[in-house]
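Reading through the structure tokens given below for one structure.
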Amino acid sequence: MTVDLGIPAARPRPLAQRRQSRQIMVGNVPVGGDAPVSVQSMTTTVTSDINSTLQQIAELTASGCQIVRVAVPSADDAEALPIIAKKSQIPVIADIHFQPKYVFAAIDAGCAAVRVNPGNIRKFDDRVGEIAKAASDAGVPIRIGVNAGSLDKRLLEKHGKATPEALVESALWECSLFEEHGFRDIKISVKHNDPVVMINAYRLLAEKCDYPLHLGVTEAGPAFQGTVKSAAAFGALLAEGIGDTIRVSLSAPPAEEVKVGNQILESMGLRERGLEIVSCPSCGRAQVDVYKLADEVTAGLEGMEVPLRVAVMGCVVNGPGEARDADLGVASGNGKGQIFVKGEVVKTVPESQIVETLIDEAQRIAEEMEADGAEPGGPSVSIAG
């Protein structure tokens, strides 16, 4: 008989059914409905520096970013939007605060969407009808982006601080102003720097509307801290089916935000897995420098686009079993390494040749996978009897 032990496939089953939301189009990227969760980032360049901004957008695109946002605080930035929107390979969202006139400039420039912040847009209140008509005529969606740090003073007075209820009330109030004019091409974010507040805000928002939701922990911090906070918050919500597009906010180059965002989606089973290095944490049993070995293998396989799981193990206790569950792996010990391919030992090599051998085998497997279009994932395990 054959017993399937449930070794992960390329895309594990999601933890929960996606929340049913309406779908909008941000350029050519669908957001909400049954569309895959998309990854966004924001440029750090001065938008009016067109060449630098387009260069960074190209870097983000290469990193897997699907939607990019650019800041528009000045007239010079607004004037740069037509060229940026035209030459960008991915949809461009204009980030507008305080000045309603830049909303119209962004729509006229061909931006794929516009983000506005209710806490900063009292001047918008009398012009919502104009904005709604311009956006509707151009087919441009609006993101209502609420931040804890810029919450409307009236709501701060009412709730005492930026509570989940305050964030949600702010977002839904602004949505209602657009709804009065028949405009519902909207997505919403309610960001906070505390993951617990943020999670509760999105849960509450998900119950009260069917708009697509843009997830984010604002001002999450430096790379390590921000990654942990974002992964914890996004993981909790995505596991409940909440979230249609994400932006990881790090005090780090924006391409790093994109890498983290994509990795979160892969880990949650919401995106086909790419290259995955499975490596042990090392312990007193290890007879090889696992940290160095894992880093060297990761560096050697950088840029590989096919989904491939590579196991790097430092001892013979858990190593052989873990390595067999991968497409490719090594179990190291006693100055040598056993190389596994699809669960079978194919060779044993000296420790000095482990990295070179793994890279060669990975490239060979990748070529075979690209040739036959096969999806990887660990092999099924059979028990004959």
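Do we find that THR45 is within 21 Å of VAL258 (Cα to Cα) and part of a helix (DSSP H, G or I) in this structure? No, not satisfied. When segment 185-228 is limited to residues that are open to solvent by 50 Å² or more (accessible area, probe 1.4 Å) and among the β-branched types (Val, Ile, Thr), the one that is nearest to PRO36 (Cα to Cα) turns out to be VAL228.
When each of ILE83, ILE107, ILE57 is tested for being of a type in the set (Val, Ile, Thr), in a helix (DSSP H, G or I) and under 30 Å from GLY182 (Cβ atoms), the lone residue that passes is ILE107.
Output the residue which, of all residues in segment 145-173 that are among the charged types (D, E, K, R), modelled with pLDDT under 90 and in a helix (DSSP H, G or I), is least open to solvent (accessible area, probe 1.4 Å). Going through the qualifying residues, I end up with ARG154.
Quick one: is LYS187 touching a residue at least 60 places away in the same chain (Cβ under 8 Å), within 17 Å of the chain's Cα centre (by Cα) and under 21 Å from VAL258 (Cα atoms)? Spelling it out, LYS187 is indeed touching a residue at least 60 places away in the same chain (Cβ under 8 Å), within 17 Å of the chain's Cα centre (by Cα) and under 21 Å from VAL258 (Cα atoms).
Among the residues of segment 30-54, the ones that are over 20 Å from ALA106 (Cα atoms) and either surrounded by fewer than 16 Cβ atoms within 10 Å (Cβ to Cβ) or polar (S, T, N, Q) (or both) come to 3 in all.
Selection of segment 72-97 for residues being over 20 Å from the mean Cα position of the chain (by Cα) and small (Gly, Ala, Ser) yields SER74, ALA75, ALA78, ALA80, ALA85.
Within segment 332-365, the set of residues being open to solvent by 30 Å² or more (accessible area, probe 1.4 Å), small (Gly, Ala, Ser) and assigned to a helix (DSSP H, G or I) comprises just one member, SER352. Pull up segment 366-384, narrow it to residues that are under 27 Å from the mean Cα position of the chain (by Cα) and open to solvent by less than 80 Å² (accessible area, probe 1.4 Å), then point me to the one that is modelled with the highest pLDDT. Filtering segment 366-384 for residues that are under 27 Å from the mean Cα position of the chain (by Cα) and open to solvent by less than 80 Å² (accessible area, probe 1.4 Å), the one modelled with the highest pLDDT comes out as ALA366.
The single condition among (1) of a type in the set (A, V, I, L, M, F, W, C); (2) outside any loop (DSSP other than H, G, I, E, B); (3) crowded, with 21+ Cβ neighbours inside 10 Å that CYS65 does not meet is (2).
A quick yes/no check of all residues on (1) at pLDDT 95 or above; (2) more than 21 Å from ALA135 (Cα to Cα); (3) acidic (Asp, Glu):
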residue	(1), (2), (3)
ASN28	yes, no, no
ALA35	yes, yes, no
ASP76	yes, yes, yes
ALA85	yes, no, no
PHE98	no, no, no
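When ILE242, ILE199 are checked against the criterion of being of a type outside the set (Asp, Glu), in a loop (DSSP other than H, G, I, E, B) and closer than 19 Å to ILE264 by Cβ, a single residue qualifies: ILE242.
Within the set GLU257, GLU272, GLU240, GLU219, the sole residue that is touching a residue at least 40 places away in the same chain (Cβ under 8 Å) and either basic (Lys, Arg) or touching a Pro at 6+ places or on another chain (Cβ under 7 Å) (or both) turns out to be GLU272.
Could you grab me the full set of residues in segment 11-29 that are more than 17 Å from the chain's Cα centre (by Cα), of a type in the set (A, V, I, L, M) and surrounded by 15 or more Cβ atoms within 10 Å (Cβ to Cβ)? Passing the criteria: ILE24, MET25. With respect to the conditions (1) open to solvent by 10 Å² or more (accessible area, probe 1.4 Å); (2) out of contact with any Asp or Glu (no Cβ under 8 Å at 6 or more places or on another chain), VAL288 falls short on a single one, namely (2).
Let's see how each residue does on (1) assigned to a loop (DSSP other than H, G, I, E, B); (2) hydrophobic (A, V, I, L, M, F, W, C); (3) within 16 Å of the chain's Cα centre (by Cα); (4) at pLDDT below 90:
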| site | (1), (2), (3), (4) |
| --- | --- |
| GLU207 | no, no, no, no |
| ASP210 | yes, no, no, no |
| ALA233 | no, yes, yes, no |
| ILE264 | no, yes, yes, no |
| GLU272 | yes, no, yes, yes |
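The values are calculated or read from the model by the stated rules, or taken from the named source; none is laboratory data. The model shown is predicted, which means the values in this text are computed figures rather than measured ones. Methodologically, a virtual Cβ is constructed for each residue, glycine included, from the backbone with ideal geometry; neighbour enumeration extends over all protein chains shown. In case anyone asks, the SASA skips ligands and DNA or RNA and just uses the protein heavy atoms, side chains included. Shrake-Rupley method; radii C 1.70, N 1.55, O 1.52, S 1.80 Å.
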